[in-house]
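As structure tokens, the structure follows; a few thoughts come after it.
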Ligand SMILES: [Zn+2]
């Protein structure tokens, strides 16, 4: 799973005018998941299901 920071740099995630993260492909706002097996928070696109790790 890529990190949010890396995805932003590579253009897979963009930010809307309110600085909210969205999937660049779907233009959907990312939802937050708390996966106990992952460090930090998992952000996911509700449209395509791609997940990124957001480190604290
Ligand atoms: Zn998506």
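The values are calculated or read from the model by the stated rules, or taken from the named source; none is laboratory data. Bear in mind the structure is a predicted one, so any value in this text is a computation, not a measurement. Methodologically, a virtual Cβ is constructed for each residue, glycine included, from the backbone with ideal geometry; neighbour enumeration extends over all protein chains shown.
Considering 29, 54, which residue is at pLDDT below 95 and on the phi < 0 side of the Ramachandran plot? The match here is 54. Within region 1-13, can you find the residues that are outside any loop (DSSP other than H, G, I, E, B), within 16 Å of residue 25 (Cα to Cα) and within 9 Å of the chain's Cα centre (by Cα)? Matches in region 1-13: 4, 7, 8, 13.
Yes/no per residue for (1) crowded, with 16+ Cβ neighbours inside 10 Å; (2) within 16 Å of the ligand (Cβ to nearest atom):
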residue: 4; (1), (2): yes, yes
residue: 10; (1), (2): no, yes
residue: 14; (1), (2): no, yes
residue: 26; (1), (2): no, yes
residue: 33; (1), (2): no, yes
residue: 39; (1), (2): no, no
residue: 55; (1), (2): no, no
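When residues in region 36-54 are screened for being under 18 Å from residue 5 (Cβ atoms) and free of Cβ contacts under 8 Å to residues at least 40 places away in the same chain, 8 of them pass.
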